[in-house]
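The values are calculated or read from the model by the stated rules, or taken from the named source; none is laboratory data. All values derive from a computational prediction rather than experimental measurement. So basically every Cβ, Gly included, is an ideal-geometry build from the backbone, and we count neighbours across all protein chains shown. In case anyone asks, the SASA skips ligands and DNA or RNA and just uses the protein heavy atoms, side chains included. Shrake-Rupley method; radii C 1.70, N 1.55, O 1.52, S 1.80 Å.
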Amino acid sequence: VFITGYAVMAGAAERLVLGYDSFGNICGRKNTPVKGAPLSGQDMTNKKYVFFLNSCSLEMQSLKISSLSLCVSSCPQEQLNSLEDLQSFARNNGSCLCVYNLNISSYTLNPKAAELCPTLPVPPSKSFPLFNRCVPQNPECYSKYASVLISMVNEMDVFHRILSGILAGRDTVIGLSVLALAFSFILVLVFRFIRTLLVHTLIALVVFGLLFVSGVLWWLYYDYRNDPSTELETEKENVKFLLGYAIFSTIVTVVLLSLILVLRKRLQFTVQLFRIVGKIIGRIPFLLFQPVWTFLILIAFWVFWVAVLLSLGTAGTAQTTSGGQVEYRALSGIRYMAWYHFVGLIWTSEFILACQQMTVAGAVVTCYFNRNKNSPPPHPVLSSISVLFCYHLGTAVKGSFLITILRIPRIILLYLYSMLKKKESACAKCLFKCCFCWFWCQESCLRYFNQHAYTTTAINGTNFCTSAKDAVFILAKNSAKLASISCFGDFILFLGKVFVVCFTVFGGLMAFNYHRELQAWVVPLLLVGFFAYLMSHSFLSVFEVTVDAMFLCFAIDMETNDGSAEKPYFVDQELLTFVSQSNKLTEGQKHRSRRPFQDNEDGTELQPMV
């Protein structure tokens with residue numbers, strides 16, 4: 001709350017988006033006066049472009065361009081050679097290229113007009129679409145202008161370059177987020193009405209997407225590396241990040257293709273499993289709409305988070321200098337607040353997803369432990385939401401906080417690894433990679449146990465720690481019977497998430513590749529991939545949580561009941577038959593693998609849970 005209030009009060013994200021003049025006015029909006037600056041506080045609604053009075057001989061001084069800058073309504077399309085030309089341009093186009101306090105009629109009469117107007121001749125210029133600057137088109141002026149702009153961007157710190165990249169590609173990021181939403185919704189329909197052909201098609205698309213994205217990343221890396229015009233620091237960072245993306249994508253592709261090859265024989269059981277899950281979801285009204293609300297809440301939070309981040313990046317105090325000009329000085333400690341703000345992004349996003357998981361788990365538990373399968377309980381989703389908000393918000397907070405704690409060391413390791421790349425310490429790099437993989441594995445395991453802890457909370461109504469302990473005990477006791485059944489189902493769902501991320505990132509690569517200039521687009525691309533994964537996870541987690549909750553309920557049902565008239569099972573016959581057949585298949589595979597070594601031994605066969 002403190003950071004949000006401070007960012008809103010002290011920040012001005014419009015300065016990055018719209019640009020501002022030398023007198024503290026943001027172009028394209030109405031401004032408030034700055035004390036000690038008589039030309040500040042003007043209405044610049046119709047003046048959207050930044051024009052430098054000395055565009056042909058710019059100089060850099062402490063990350064500032066020395067020339068005076070003004071907000072103008074249009075850039076001069078033709079060369080202006082005299083004050084009369086400036087006066088005529090202002091009258092015909094309504095765009096004044098001299099300092100604001102000089103009247104148009106005084107351009108040719110005021111003896112100080114040469115100081116208050118641009119250096120003559122004024123070269124023809126054109127507005128630059130990313131930063132709303134009037135860029136001179138004269139070759140000599142353009143080369144000087146570009147060199148100064150390159151120096152300014154290269155000397156900016158990484159934090160501000162990232163902000164500039166996000167702002168420059170904001171429309172692309174929004175469009176790609178909508179694309180990820182569309183892909184996620186299509187996959188929900190596919191898994192709801194799944195058939196064997198659809199599963200084969202999904203796997204084929206995932207394989208194609210992985211290979212294609214990896215190939216495009218490697219192609220872009222070589223294209224950027226061999227481009228002789230790569231001068232900006234942002235473009236050099238793009239090359240480094242592209243190499244990292246390409247290596248990571250290649251490793252993921254090899255691992256997933258190997259897993260697909262190994263697990264291909266259990267494909268038919270996966271189709272049968274999702275048919276059962278589809279029937280359970282069909283008994284719960286509006287369960288598939290739960291990700292829509294989660295998505296809307298996530299979008300609202302992300303927009304709010306980005307707005308606060310941009311405000312933090314532009315937070316500073318306006319200080320008046322000689323001649324009534326205004327400079328914005330960044331305050332110390334902003335970067336630390338930005339890191340804290342980033343932790344808030346992870347924790348809050350995970351908390352929202354945890355609330356959805358608990359809602360879905362509660363609805364599935366209510367329907368599973370209902371004796372009359374033909375008459376499901378009324379409004380199970382609303383009942384689960386009310387129980388969550390009344391009793392179990394602390395459980396969602398604790399679970400999401402644990403995931404955040406494990407994710408923060410990964411971010412720190414990535415930062416340290418980027419620092420060590422400059423020193424070329426091979427042993428340290430290997431150590432950091434191993435630590436990173438270890439934290440990633442721990443986070444994946446924690447997500448798995450958190451999900452079952454949420455389901456146990458929905459069943460028993462206990463707190464997070466007690467539910468986690470009970471879930472671990474139940475899973476440890478029944479892991480041999482249930483792990484092989486749900487493992488491949490979770491893997492197919494994970495491939496669905498990979499499908500969304502792959503094709504969204506591919507769209508981002510194609511879109512951002514057309515805007516290479518002055519953009520640190522690798523970070524927006526990383527954000528797009530992160531958002532795409534969260535969206536796909538939000539939608540497909542309905543099936544994932546339903547599968548895990550269903551089997552956990554099944555295990556508890558088998559523990560507490562014996563199928564007699566006094567203690568009948570809650571499970572329906574279709575699920576019971578499916579578990580029995582799957583266990584027989586698993587045991588048959590184990591028996592065949594042991595047969596050459598146990599011809600004269602009495603093997604122990606795992607009996608199905610019936």
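Tell me, yes or no, whether the stretch 236-244 has at least one residue that is at pLDDT below 75, within 16 Å of Gly489 (Cα to Cα), in a helix (DSSP H, G or I) and assigned by the TED database to the domain that holds Arg275. No, because not a single residue in the stretch 236-244 is at pLDDT below 75, within 16 Å of Gly489 (Cα to Cα), in a helix (DSSP H, G or I) and assigned by the TED database to the domain that holds Arg275.
Among the residues of the stretch 77-118, those that are of a type in the set (A, V, I, L, M, F, W, C) and not in a helix (DSSP H, G or I) comprise Leu80, Cys96, Leu97, Cys98, Val99, Leu102, Leu109, Cys117.
Residue pairs whose Cβ atoms lie under 6 Å apart, separated by 6 or more positions or on different chains, with the first residue in the stretch 38-57 and at positive phi and the second open to solvent by less than 30 Å² (accessible area, probe 1.4 Å), are Gly41/Asn31. Checking each residue in the stretch 552-582 for being part of a helix (DSSP H, G or I) and either open to solvent by less than 10 Å² (accessible area, probe 1.4 Å) or among the hydroxyl-bearing types (Ser, Thr, Tyr) (or both) picks out Leu552, Cys553, Phe554, Ala555, Asp557, Thr560, Leu575, Thr577, Phe578, Val579, Ser580, Ser582.
Yes/no matrix, rows are residues, columns are (1) out of contact with any helix residue (DSSP H, G or I) (no Cβ under 8 Å at 6 or more places or on another chain); (2) modelled with pLDDT of 85 or more; (3) open to solvent by 80 Å² or more (accessible area, probe 1.4 Å):
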| residue | (1), (2), (3) |
| --- | --- |
| Lys398 | no, yes, yes |
| Leu414 | no, no, yes |
| Phe439 | no, no, no |
| Leu475 | no, no, no |
| Gly489 | no, no, no |
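Is there a residue being touching a strand residue (DSSP E or B) at 6+ places or on another chain (Cβ under 7 Å) and at pLDDT 90 or above anywhere in the stretch 6-23? Looking through the stretch 6-23, none of the residues is touching a strand residue (DSSP E or B) at 6+ places or on another chain (Cβ under 7 Å) and at pLDDT 90 or above.
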